[in-house]
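Engineer: The structure follows.
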Amino acid sequence: MKSAGVPFTEIYRTLGLSRNTVACWLYSSRSKINSDRDQRCPFCARPPRSIGHPADYAYLLGIYLGDGHLLTTGRVPVLKVACDLRYPGLIEEAGRAMLACGARTVGHQHRDGRDDVRSFWRHWPCLLPQHGPGKKHERLIRLVEWQSEVVDAFPGRFVRGLFHSDGCRTRNKIVRGGTTYLYPRYQFVNKSADIMQLCRESLDRLGVEWRMCRPTMLSVARRVDVAVLDQHVGPKY
């Protein structure tokens, strides 16, 4: 029909097909668009390549394991990270990490005192293979080889993401002999034993001593170790 000079509009109406489908057949427009999108994913690109911004990815992985959720039931997967509205700096940093890792746009949804930083991209499952149904602490969380290499290379950025999501920097108060002492410390709380182990391993790589207050809470209190975390994490902002 195209070779016979039939107008494009008449072709798709005659065939009873959608305009986009016929355009894809005639002009390969959809395949070109998908090809461009695939090139943004390091694993679907041809040839495949390594993560372009590993430090940003290490941070994104940390906040995803803490307060992130990847929803794959819709037409396009959506990555959401819940951030407290009191910390606009964290909200901005989470959005920058998504963009650095391949997202085209980042949106925000405010509700119940939080900002859900979210991004729609069909390749998020490629970058976050830990996604799955149910709560993270109720299923196995294991890093694949390339993720372990990134985390090993950037433990500070990974720990920053974890503490920005499920951690805090507080001032601990103790009283001895009638004298009150205040000192800063870091705490990380997570119900997943696997995620807690990943946090401990990264702290070990940084040379930071930690102790477990309870199975779901980790504490860093020595002055020298707090100083190291101040370089990589710092107070929420």
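The values are calculated or read from the model by the stated rules, or taken from the named source; none is laboratory data. Quick caveat: nothing in here was measured; it's all calculated off a predicted structure. Because the Cβ atoms are built from the backbone with ideal geometry, glycine has one as well, and the counts that use them run over all protein chains shown. When the accessible area is computed, the model is the full protein with side chains, heavy atoms only, and any ligands, DNA or RNA have been set aside. Shrake-Rupley method; radii C 1.70, N 1.55, O 1.52, S 1.80 Å.
Engineer: Sort out which residues of segment 1-25 are in a helix (DSSP H, G or I), open to solvent by 70 Å² or more (accessible area, probe 1.4 Å) and not charged (D, E, K, R), and write them in order of number.
Structural biologist: T14, L15, N20, W25
Engineer: In segment 91-114, is there at least one residue being over 14 Å from the mean Cα position of the chain (by Cα), among the acidic types (D, E) and either under 18 Å from G66 (Cα atoms) or open to solvent by less than 40 Å² (accessible area, probe 1.4 Å) (or both)?
Structural biologist: Among the residues of segment 91-114, not one is over 14 Å from the mean Cα position of the chain (by Cα), among the acidic types (D, E) and either under 18 Å from G66 (Cα atoms) or open to solvent by less than 40 Å² (accessible area, probe 1.4 Å) (or both), which makes the answer no.
Engineer: Can you name the residue in segment 99-144 that is of a type in the set (K, R) and assigned to a strand (DSSP E or B) and, of all such residues, is nearest to V76 (Cα to Cα)?
Structural biologist: R118
Engineer: Moving on. Which condition from (1) touching a helix residue (DSSP H, G or I) at 6+ places or on another chain (Cβ under 7 Å); (2) open to solvent by 60 Å² or more (accessible area, probe 1.4 Å) is the one that A58 breaks?
Structural biologist: Condition not satisfied by A58: (2).
Engineer: Of V76, V81, which residue is of a type outside the set (G, A, S) and in contact (Cβ under 8 Å) with a residue 60 or more places away in the chain?
Structural biologist: Just a single option satisfies the conditions, and that option is V81.
Engineer: I've got another one for you. Working only within segment 183-236, note down all residues that are open to solvent by 30 Å² or more (accessible area, probe 1.4 Å), out of contact with any strand residue (DSSP E or B) (no Cβ under 8 Å at 6 or more places or on another chain) and in a loop (DSSP other than H, G, I, E, B).
Structural biologist: K191, L206, G207, P215, R222
Engineer: Look at segment 79-89 and say how many of its residues are in a helix (DSSP H, G or I) and buried (at least 20 other Cβ atoms within 10 Å of the Cβ).
Structural biologist: Going through segment 79-89 one residue at a time, the tally reaches 0.
Engineer: Answer with yes or no whether A103 is touching a strand residue (DSSP E or B) at 6+ places or on another chain (Cβ under 7 Å) and modelled with pLDDT of 90 or more.
Structural biologist: The answer is yes for A103.
Engineer: When you check D204 against the structure, is it in contact (Cβ under 8 Å) with a residue 24 or more places away in the chain and of a type in the set (D, E), yes or no?
Structural biologist: For D204, the condition - in contact (Cβ under 8 Å) with a residue 24 or more places away in the chain and of a type in the set (D, E) - is not met.
Engineer: Taking only pairs six or more apart or across chains, which ones have beta-carbon atoms under 9 Å, a first residue in segment 120-137 that is in contact (Cβ under 8 Å) with a residue 12 or more places away in the chain and among the polar types (S, T, N, Q), and a second residue that is part of a helix (DSSP H, G or I) and open to solvent by 20 Å² or more (accessible area, probe 1.4 Å)?
Structural biologist: From residues that are in contact (Cβ under 8 Å) with a residue 12 or more places away in the chain and among the polar types (S, T, N, Q), the pairs are Q130/K136.
Engineer: Out of (1) surrounded by 15 or more Cβ atoms within 10 Å (Cβ to Cβ); (2) modelled with pLDDT under 90; (3) not aliphatic (A, V, I, L, M), what's the single condition that is false for H69?
Structural biologist: (2)
Engineer: Right, something else. Could you pull out the residue among L128, L143 that is of a type in the set (A, V, I, L, M, F, W, C) and touching a strand residue (DSSP E or B) at 6+ places or on another chain (Cβ under 8 Å)?
Structural biologist: L128
Engineer: Step by step: first the residues of segment 138-173, then only those that are hydroxyl-bearing (S, T, Y) and open to solvent by 30 Å² or more (accessible area, probe 1.4 Å), then the one that is farthest from L203 (Cα to Cα). Which residue is that?
Structural biologist: Within segment 138-173, the match that is farthest from L203 (Cα to Cα) is T170.
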